[in-house]
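**Student:** Sharing a structure here in structure tokens format.
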Amino acid sequence: MKKIVFFPYHPDLWTVIEHIAALRDYEVCGFLSYKEDAERIEALNEAVGAANTSEDERIRSCDAVILHDNYRGFKPDKYYRIIDDAAGYGKEILVTPLAETQLDLRSREGMYGLLERLPDGMEDIDYDYAKNKEVKIHRIAVPIVGVFGQGRPQRSLLSDK
């Protein structure tokens with residue numbers, strides 16, 4: 001069973017809590033975030049029995065840290081600190097593809113992996129998308145004019161009728 005910690009707060013974490021019983025081979029052992037999220041993180045940590053533990057304790061007790069995207073545009077300094085702390089303890093670090101584009105991780109190459117698992121049947125979705133994307137543009141010799149209206153006018157403003 002792999003124990004995981006999430007950073008930073010993201011509204012999707014409530015979905016994780018809602019379906020925590022459905023997790024297979026994973027156990028959520030805590031949540032980390034910025035100080036602005038203290039109340040939210042406390043509620044999430046209470047839900048998984050990690051209340052009253054420090055960030056350092058949560059990182060030490062997990063097997064992997066999952067980094068979500070920075071959807072609020074906070075300064076990335078804490079991301080780097082969490083990565084460095086987790087790496088210092090020999091923890092696996094998984095980053096969402098969007099978070100990877102938001103952070104400058106060149107100096108931390110090899111310290112993290114991408115969190116990416118495509119849903120079953122994705123090949124069919126990709127095929128349908130590619131097929132629908134094949135739009136053909138034809139050159140035509142006659143111009144096309146579109147006329148838009150809102151129905152029959154009630155009364156003309158320019159006449160007395």
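**Student:** Can you tell me which residue is nearest to Glu116 (Cα to Cα) among those in the stretch 61-104 that are in a loop (DSSP other than H, G, I, E, B) and of a type in the set (D, E, K, R)?
**Tutor:** Asp69
**Student:** Look through the stretch 118-142, keep the residues that are of a type in the set (A, V, I, L, M) and either at pLDDT 85 or above or surrounded by fewer than 10 Cβ atoms within 10 Å (Cβ to Cβ) (or both), and return whichever of them is nearest to Lys3 (Cα to Cα).
**Tutor:** Taking the candidates together, the pick is Leu118.
**Student:** So how many residues does the stretch 21-37 have that are surrounded by fewer than 14 Cβ atoms within 10 Å (Cβ to Cβ) and at pLDDT 90 or above?
**Tutor:** The total comes to 3.
**Student:** What residue, of Leu158, Leu103, Leu115, is modelled with pLDDT of 85 or more and among the aliphatic types (A, V, I, L, M)?
**Tutor:** None of the others qualify; the one that does is Leu103.
**Student:** Being assigned to a helix (DSSP H, G or I) and without any contact (Cβ under 8 Å) to a residue 40 or more places away in the chain is true for just one of Glu27, Glu36. Which residue is that?
**Tutor:** Result of the check over Glu27, Glu36: Glu36.
**Student:** I've got another one for you. For the stretch 87-99, name all the residues that are touching a Phe, Trp or Tyr at 6+ places or on another chain (Cβ under 9 Å) and at pLDDT 90 or above.
**Tutor:** Ala87, Glu92, Ile93, Leu94, Val95 - these are the residues of the stretch 87-99 that are touching a Phe, Trp or Tyr at 6+ places or on another chain (Cβ under 9 Å) and at pLDDT 90 or above.
**Student:** Additional query: Output the number of residues of the stretch 54-83 satisfying the condition of being within 18 Å of Arg40 (Cα to Cα) and touching a Cys at 6+ places or on another chain (Cβ under 9 Å).
**Tutor:** Number of matching residues: 1.
**Student:** Return yes when Glu57 is within 22 Å of Lys91 (Cα to Cα) and either within 21 Å of the chain's Cα centre (by Cα) or assigned to a helix (DSSP H, G or I) (or both) and no when it is not.
**Tutor:** Considered against the rule, which asks whether it is within 22 Å of Lys91 (Cα to Cα) and either within 21 Å of the chain's Cα centre (by Cα) or assigned to a helix (DSSP H, G or I) (or both), Glu57 comes out as yes.
The values are calculated or read from the model by the stated rules, or taken from the named source; none is laboratory data. A quick note: this is a predicted structure, and the numbers were derived from the prediction, not measured. Every residue, glycine as well, gets a Cβ built from its backbone with ideal geometry; the counts of neighbours run over all protein chains shown.
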